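In what follows, a structure is listed as structure tokens, so that the remarks can point back to it.
The values are calculated or read from the model by the stated rules, or taken from the named source; none is laboratory data. The shown structure was predicted, so the numbers you read here are calculated from the model rather than taken from an experiment. In this analysis, Cβ positions are derived from the backbone assuming ideal geometry, glycine residues included, and neighbour counts consider all displayed protein chains. What goes into the accessible areas is simple: the full protein's heavy atoms, side chains included, and nothing from ligands, DNA or RNA. Shrake-Rupley method; radii C 1.70, N 1.55, O 1.52, S 1.80 Å.
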Amino acid sequence: MSSTLTAIIAAIIGFLLGTNFPACSLSKFQIRSQFFSYGRDANSSMYFPIYNSCTSCENNTFTFSSSTTNFSDDKYKIFVPSNPKGAETLAPGIVVSESDLYLHRLWGDPNEDLPIKSKYLVAFAVSLKQKDNVNAAVQKFSENFTILLFHYDGHMNEWDEYEWSTRAIHVGTRGQTKWWYAKRFLHPDIVASYEYIFIWDEDLGVEHFDAEQYIKLVKKYGLEISQPAIESNKDFAYQITKRRTDTEFHKKAEDRKCPDPNETPCTEFIEIMAPVFSKDAWRCVWHIIQNDLIHGWGLDFTLKKCVEPASEKMGIVDAQWIFHHAVTTLRDQGEEDPGKRTATAKGVL
């Protein structure tokens, strides 16, 4: 009798507990992939989990044991909050959120197209007027670099005389600066496979520059945002970028034009003519480039916000330096209004 009474009481308690617990909703939940794999409904294009019955339901986390359930109702679609926005209903195993600029042939196994996967990317904004200078610059970048040319004069076929041009990526739109291109074609998820991204002007002399050696120095000193030191026949806008002959790199300007060497642009500063970013730093920098940014004036004052501490991770590499010819090819396509430069710089800040 006692065992029968116990069973009846247990059943009543179980019923009461069951009716008071919230139902487990399978319409949207956080997936732990170790608990199940994926199948596909034969009557639809929807993926569904293969799992056992739900044995616990706490904080939208489920534990399963072995069976197969076939779902055909839309309310049971997979939902993975960790997937990229817009792809939450895709099974995690098929989500590819990043890409690269590697070239592939039209047919065959894509893996056979890439005997060498470039580790770095260099992008130049170019015109035919600086064709010879750009060709000389490209020679300084090994096969470890993907070459990307932004043609702001619209001419691309004329570069085919160079052997390296057939391997380069060419993007052409008239009258746009490299920052316009960078915002639209160098999204961090597109260049995620490259350790460092060079975004350079076309009027740079590279006789004393070697890209591979530059990368070694950047890694040696832990620089996330950097540039080669500069020599020029023109006056220097910022003393910090001027080449020094007694060191491999420097982080501060020590000059009469920098009364406070602890303030930007005398420290935590590089110019925008020849910047080099680690891919982590570029992910931040890309976001601070406004869609209507034109020449980039003022952007160099903001770059320090993307590395911490900037005083340690930004610097000028003296051992690999460049010459700035200061040829204003792009500017000459239109009229320069000096009054607009200050306004634009303030807008970036």
Tally the residues that are assigned to a loop (DSSP other than H, G, I, E, B), open to solvent by less than 80 Å² (accessible area, probe 1.4 Å) and modelled with pLDDT under 85, restricting the search to the range 93-123.
4
Could you run through the range 285-317 and say how many residues are open to solvent by less than 30 Å² (accessible area, probe 1.4 Å), under 19 Å from Q239 (Cα atoms) and touching an Asp or Glu at 6+ places or on another chain (Cβ under 6 Å)?
3
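Condition first: in contact with a helix residue (DSSP H, G or I) (Cβ under 6 Å, 6 or more places away or on another chain), open to solvent by 10 Å² or more (accessible area, probe 1.4 Å) and over 19 Å from H295 (Cα atoms). Can you find one or more residues in the range 225-246 that meet it?
Within the range 225-246, the subset in contact with a helix residue (DSSP H, G or I) (Cβ under 6 Å, 6 or more places away or on another chain) is 225-226, 230.
Next, only the ones that are open to solvent by 10 Å² or more (accessible area, probe 1.4 Å) stay: none.
Checked the range 225-246: no residue is in contact with a helix residue (DSSP H, G or I) (Cβ under 6 Å, 6 or more places away or on another chain), open to solvent by 10 Å² or more (accessible area, probe 1.4 Å) and over 19 Å from H295 (Cα atoms).
Please go through the range 82-92 and give me each residue that is open to solvent by 60 Å² or more (accessible area, probe 1.4 Å) and either hydroxyl-bearing (S, T, Y) or at pLDDT below 85 (or both), ordered by number. Give the steps one after another, and end with the answer.
As a first pass, look at the range 82-92 and keep what is open to solvent by 60 Å² or more (accessible area, probe 1.4 Å): 82, 85-86, 89-90.
Within the range 82-92, S82, T89 qualify.
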Is there a residue being touching a residue at least 40 places away in the same chain (Cβ under 8 Å), open to solvent by 10 Å² or more (accessible area, probe 1.4 Å), closer than 20 Å to H325 by Cβ and not basic (K, R) anywhere in the range 182-195?
no
From the list R174, R184, exactly one residue is basic (K, R), within 25 Å of W286 (Cβ to Cβ) and part of a loop (DSSP other than H, G, I, E, B). Which is it?
R174
The residue from E212, E263 that alone is among the acidic types (D, E) and without any contact (Cβ under 8 Å) to a residue 60 or more places away in the chain is E263
